[in-house]
Amino acid sequence: ISAAGNPLVLNGNDYAILESGDGRNNPIRCIRKFHNEIIVWQEERGTEGGCTTLFEGYSPETFGKLLLSSRVGILNGKCATVVDGVLTSTQTEEKLKTMTFWLSHYGVFVTDGRVVSAISDAIQNYFDPTKTECIRSGYEDKMWLSFSESENVIRLGLVSGSSATVPNVFPVFDVVDGTWSFDVYGQALSCFANIEASSGNIYSIQLGGGASDGFVYQCNTTQNDVSTAIDSYIDMEIDGGGNYIQFRDTVLRCKSQAAGNITQSFAKDGNSTFLTDWVTTISMIATTTNDPYKRYRWLTSLESNHFTVRFRHATLSQSMYLLDVGFNLVQIGDGR
């Protein structure tokens, strides 16, 4: 713990060195803020597992350590989340508490900062090494756990089975009624996160990172590119600064694909309606086999003081990789 107001400064009285766990040198894989404290998880190794440690205090004189578990650790840094406002029931009343959930080799666990409890009894077969669907050893860095604010659930991504290399099972835990269910995604996700929505009535939306394709997906929108094509496009605005400009030709360069097209169209003078007589559809299939790029040039004859140029793709299970765009533009006078 570095000196107050001096990150990475370890001298004087206002710093401390804290030792997590029970003395084993298992690497620390995750740290989360919890109330005014922090929780530290260590990697699970061998038959002894890992450790979960809570550090409390406000200054070096008050820092203290509480070993929450000397066996349960964590898989990786993506496998823990702190949820503020979990509904907990008693015989006479219901209370809201801050709880921390995380993913271990031994199951899914939760703590209130004092007691560690397992909550994965209903899906414990995925953590039983005698079952064929058990999470796969050696792929701990691929799995994840996250909290979905809009549905108030904990989501998991598990690498299940002896042949899986990316998350392929997605359990869901309802933090209110304590029940388990399963979600289905059209692609494997390597992580899951909440972000603030830029518009609309929903405060936060859920994004997932593609496990093997490098894409970012917006989850649970009922839209997908598996059974229903998503209309995607790029709009480029070109302005003449008050003067008229003439489009003479356009050059596109895209990544070659086995199938798929790019449709280019134009709108003039800031209109949202695109012209129907100046539209072209460009194939992304390589002109010569094994060519990495496809280049296409076509002539146009359009005049306006402002253009919107749209590059559109709306084909099921395909992508548009637009690399370069070139225009031949000529400014023309107003004397006409």
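Things worth noting here:
- Filtered by the rule that a residue be closer than 10 Å to G73 by Cβ, open to solvent by 90 Å² or more (accessible area, probe 1.4 Å) and in contact with a strand residue (DSSP E or B) (Cβ under 7 Å, 6 or more places away or on another chain), segment 29-55 gives a lone residue, R29.
- Against the test of being touching a Cys at 6+ places or on another chain (Cβ under 8 Å) and farther than 30 Å from G85 by Cβ, the options I245, I234, I262 yield a single qualifying residue, I262.
- Residue list for segment 100-125, filter: buried (at least 19 other Cβ atoms within 10 Å of the Cβ), of a type in the set (S, T, Y) and either modelled with pLDDT under 90 or out of contact with any helix residue (DSSP H, G or I) (no Cβ under 9 Å at 6 or more places or on another chain) (or both): T100, T111
- Note on segment 218-229: residues that are at negative phi and open to solvent by 70 Å² or more (accessible area, probe 1.4 Å) amount to 5.
- Taking (1) in a loop (DSSP other than H, G, I, E, B); (2) within 29 Å of H35 (Cα to Cα) in turn, F109 satisfies each apart from (1).
- Hey, Y106 touching a residue at least 24 places away in the same chain (Cβ under 8 Å), over 23 Å from G209 (Cβ atoms) and of a type in the set (S, T, Y) or not: yes
- Only one entry in R253, R310, R295, R248 is in contact (Cβ under 8 Å) with a residue 40 or more places away in the chain, open to solvent by 40 Å² or more (accessible area, probe 1.4 Å), of a type outside the set (D, E) and more than 28 Å from G214 (Cα to Cα), namely R248.
Let's see how each residue does on (1) without any contact (Cβ under 8 Å) to a residue 40 or more places away in the chain; (2) charged (D, E, K, R); (3) at negative phi:
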{"residue": "D177", "(1), (2), (3)": "yes, yes, yes"}
{"residue": "F182", "(1), (2), (3)": "yes, no, yes"}
{"residue": "I205", "(1), (2), (3)": "no, no, yes"}
{"residue": "S212", "(1), (2), (3)": "no, no, yes"}
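- Comparison of F170, F182, F147, F215 shows that the only residue that is of a type in the set (A, V, I, L, M, F, W, C), modelled with pLDDT of 85 or more and open to solvent by 60 Å² or more (accessible area, probe 1.4 Å) is F182.
- With respect to (1) open to solvent by 80 Å² or more (accessible area, probe 1.4 Å); (2) within 30 Å of L316 (Cα to Cα); (3) without any contact (Cβ under 8 Å) to a residue 24 or more places away in the chain, the lone exception for S137 is condition (2).
- Any hit, segment 259-269, residues being acidic (D, E) and surrounded by 11 or more Cβ atoms within 10 Å (Cβ to Cβ): no
- Restricting segment 63-99 to residues that are at pLDDT below 80 and polar (S, T, N, Q) leaves a set whose member that is surrounded by the most Cβ atoms within 10 Å (Cβ to Cβ) is T88.
- Matching strands (runs of 3 or more DSSP E) fully within segment 276-336 where at least 3 residues are out of contact with any Cys (no Cβ under 7 Å at 6 or more places or on another chain) and either basic (K, R) or within 30 Å of T228 (Cβ to Cβ) (or both): 280-283, 293-304, 306-313
- Test: residue in segment 133-147 that is in contact with a strand residue (DSSP E or B) (Cβ under 6 Å, 6 or more places away or on another chain) and more than 24 Å from V82 (Cβ to Cβ): yes
- Tabulated pairs, segment 272-290, first without any contact (Cβ under 8 Å) to a residue 12 or more places away in the chain, second open to solvent by 80 Å² or more (accessible area, probe 1.4 Å), C-beta under 9 angstrom, 6+ apart or interchain: T287/R295
The values are calculated or read from the model by the stated rules, or taken from the named source; none is laboratory data. Note that the structure is predicted; figures quoted are calculated from it, not measured. Quick reminder, even Gly has a Cβ in these numbers, built from the backbone with ideal geometry, and neighbours come from all protein chains shown. Heavy atoms of the whole protein, side chains included, go into the accessibility calculation; ligands, DNA and RNA do not. Shrake-Rupley method; radii C 1.70, N 1.55, O 1.52, S 1.80 Å.
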